[in-house]
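Notes follow once the structure below has been shown.
The values are calculated or read from the model by the stated rules, or taken from the named source; none is laboratory data. All of these numbers come straight from a predicted model, not from anything done at the bench. Cβ coordinates were reconstructed from backbone atoms using ideal geometry, including for glycine residues, and neighbour counts include every protein chain displayed. With ligands, DNA and RNA removed, areas are computed over all heavy atoms of the protein, side chains included. Shrake-Rupley method; radii C 1.70, N 1.55, O 1.52, S 1.80 Å.
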Amino acid sequence: MFKGEYINRSNWTIHVGLVIRECAKLMGARTFFEQHGRTDAVLKYPDKQILTFVEWEYIQADKDSVNELDKLLEKNDECYFSTFISYCQHENIDVVMEKASRIWSKASRPLIFFLITYEPQAKKCRNFLELRTYFFSKGKRKLVRRQPALPWDVEQRKFNAEKDAA
């Protein structure tokens, strides 16, 4: 992904898959795509224990057609935690969080939810605003991290100073 470059759905899917694979390596796991009931990615340790099931969706997470959280919930007892990556328009954050809280209140294991907010632009483009990381566990949710969605929008010194003060 480069500054000013439009990311379409297929490029985004490939980019997310590559990032997931690199994260798995850092945690000593392997990544298997479209396995275990067509889950987008399954991260497994060499002893076959499942670290996480990962689903990602380009469509806004608040839409009824987005059922990835339900799919993850069905497999929740088989992994250490579940992971969901999705988008929503900035003004729909509350709707997305209510939907996720309602679904994940039934889960026995945690969920890490990466939510990228955006403002719609002309020609189906999106102006990415924030990357928000939420942690859901035992019927509660917590906003763990909030940062600009695009790396070139992060003012590193300012961002670090704000985090250090918190």
Fill in: Residue count, the stretch 84-136 (criterion: over 15 Å from the mean Cα position of the chain (by Cα), crowded, with 17+ Cβ neighbours inside 10 Å and modelled with pLDDT under 90)
1
Response to the item:
For the stretch 112-124, pairs from a residue that is of a type in the set (A, V, I, L, M, F, W, C) to a residue that is not in a strand (DSSP E or B), with Cβ under 8 Å and 6 or more apart or across chains, are 113/100; 115/61; 115/93; 115/96; 116/149
Practice prompt. For the stretch 14-28, state whether one or more residues are part of a strand (DSSP E or B), within 15 Å of the chain's Cα centre (by Cα) and not basic (Lys, Arg).
Written response: no
Discussion item. Between 15, 36, which is open to solvent by 60 Å² or more (accessible area, probe 1.4 Å), under 15 Å from residue 82 (Cα atoms) and either charged (D, E, K, R) or at pLDDT below 90 (or both)?
Written reply: 36
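For residues in the stretch 18-33 being touching a strand residue (DSSP E or B) at 6+ places or on another chain (Cβ under 6 Å) and of a type outside the set (Phe, Trp, Tyr), which is surrounded by the fewest Cβ atoms within 10 Å (Cβ to Cβ)? Can you show your working first?
Filtering the stretch 18-33 for residues touching a strand residue (DSSP E or B) at 6+ places or on another chain (Cβ under 6 Å) gives 20-21, 24, 29-33.
Going one step further and asking which of them are of a type outside the set (Phe, Trp, Tyr), we end up with 20-21, 24, 29-31.
Details: 20: 21, 21: 16, 24: 21, 29: 19, 30: 13, 31: 19.
Ranking the candidates gives 30 first.
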Discussion item. Of everything in the stretch 39-51, what is open to solvent by less than 20 Å² (accessible area, probe 1.4 Å) and farther than 14 Å from residue 74 by Cβ? Give them in sequence order.
Written reply: 41, 43, 51
